[in-house]
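Where a number appears in this text, it was derived from the coordinates with a stated rule and is not lab data. None of the values given here were measured: they were computed from a predicted structure. Virtual Cβ from ideal backbone geometry, glycine too; neighbours counted across all protein chains shown.
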Amino acid sequence: MSLRARVTIAVATVVAVVVAAVGLTVYRSTRDELFAQIDRDLMSRAEVVARQPRGFARPTAGRFQSGDGVPRADPFGAIVSFDVLARFIDADGNVILSIGPDFGRDPDVDRLLDAVDGPVIATDHDGSGSLRSVVVPAPGGNFVELARPLDETQSVLSTLRSRILLIGLLATAAAALVAWFIARRTVRPITRLTEAAERVAATGDLSETVEGSGGDEVGRLAGSFTTMLDALAESRRQQRRLVMDASHELRTPLTSLRTNVDVLGRGYGLAPDQQEALVADIDAELSELTDLVTELVDLASDLRDDEEPQLLRLEDLAAPVVDRTARRTGRPIELRPIHSTVVEGKHDALTRAIRNLVDNAAKFSPPGSRIVVEVDDGSLTVHDSGPGIPPDERDRVFDRFHRVETTRSMPGSGLGLSIVRQVAESHGGRVGATESPEGGAAVGFVIPTVDD
């Protein structure tokens, strides 16, 4: 079932329930009010009749006489209308006097007994119709019973029921129709969004545009979907660029390796020192290729994105990197903590970024020159004594595979600083490069700190 149909059914159901509840309340209230009016009218008439002189006998020549034989006026004449039935009943349940049409039933002795303590109101139903009756005690141990047919009242209630039903049906139909059009208008952007998603899934075209705007939920959904498509398209472009750049960078060492292996395989009476040179060249190419593949894997896997962040101090991460690089290269490397603060980050990713910065400084600094690793709050900067970075290339050195013109002849993949930028940005920070007081470049990153 479509969303539009579900919304329509839901709205129609709610309206139907509300109309039914209101209609039932109105019907019951009207019915109770009509019966209350009848009861008040019957009570007032019955009380007047009950106050008439005691001992009524049966009528004689159209008049009534009391027990002493003195004719008296009709006690019902002034208060009994054509639509009200009335009768006097003795304590044994015998009708003493009856005015109007027959009640259609004999007096109810149980009601008479109950009426001794007060008026008794009841409704009687038979094949000819319904009566609303009241029984009150009268002087001399007798009782007065007045009744009124309910045909007119039942007719009014029947008409009311029909009208309530008709109004309920019309209201439900109108609500369903309005809900259908509103749901159609509301669901239209979602339908377009669904169709766009299906086209993207079928064609793989991430340039698909989705219509929809505004601050409501549907407009925000359309905007979020467009943003997601843009992000996916950018990710695909970056992947293609990475593959193209990687294939270009991999081609050089692979070509060199193939050439050297071919030369070794053919022999041609190479001298031992020439063979050793070829093997050393192959080993260097393999090392460079291994580093390149490792860095490519790091970039492609987003630097172990599943690693949990933890509270760290940058100088604690830099210390083992400095010691290891100093032992490996024999260079003097100084760790200079200026102000220590705590950051929240991923241990392995930040360690890799620091190692890349220190390795770059060691690679481009002259032998024996000093390298300084400076930590201040959430920033870490590595100073070297190398050739430096030209001002117009200080932003581009963090791009993948970009290498400064003066360093292209040196070994390296051109991915180290791009990994540093990726790590910094994943921690909500940034990277930067400038001149160093040591005479070379000062390259590093800054990430937010947390309260200790």
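I want the local charge near residue 93. Using Cβ-Cβ distances under 14 Å, sum +1 for each Lys or Arg and -1 for each Asp or Glu among the other residues. Counting the neighbours of residue 93, the net charge comes to -4. Remark: relative contact order (region 306-446) = 24 percent; criterion is Cα-Cα distance under 8 angstrom and separation of 6 or more residues. Between residue 90 and residue 130, the simple label model (points 7 Å from Cα in the Cβ direction) yields a spacing of 3.5 nm.
By the beta-carbon count within 10 Å of each Cβ, the least crowded to most crowded order of 445, 364, fewest first, is 364, 445. Residue 259 sits among other residues whose Cβ lies under 12 Å from its own Cβ, and their net charge, with Lys and Arg +1 and Asp and Glu -1, is -1.
Within 10 Å of each residue's Cβ, count the other Cβ atoms and sort 33, 344 from fewest upward. Numbers along the way, then the final one.
On the way: 33 10, 344 15.
Ranking 33, 344 by Cβ neighbours within 10 Å, fewest first, gives 33, 344.
The residues 114, 106, when put in order of fewest to most other Cβ atoms within 10 Å, stand as 106, 114. Residue by residue, region 382-399 carries 3J(HN,Hα) couplings of 10, 9, 10, 10, x, x, x, 10, x, x, 6, 10, 5, 8, 6, 5, 8, 7 Hz when phi is fed to the Karplus relation 6.51 cos²θ - 1.76 cosθ + 1.60 (θ = phi - 60°); x denotes Gly or Pro.
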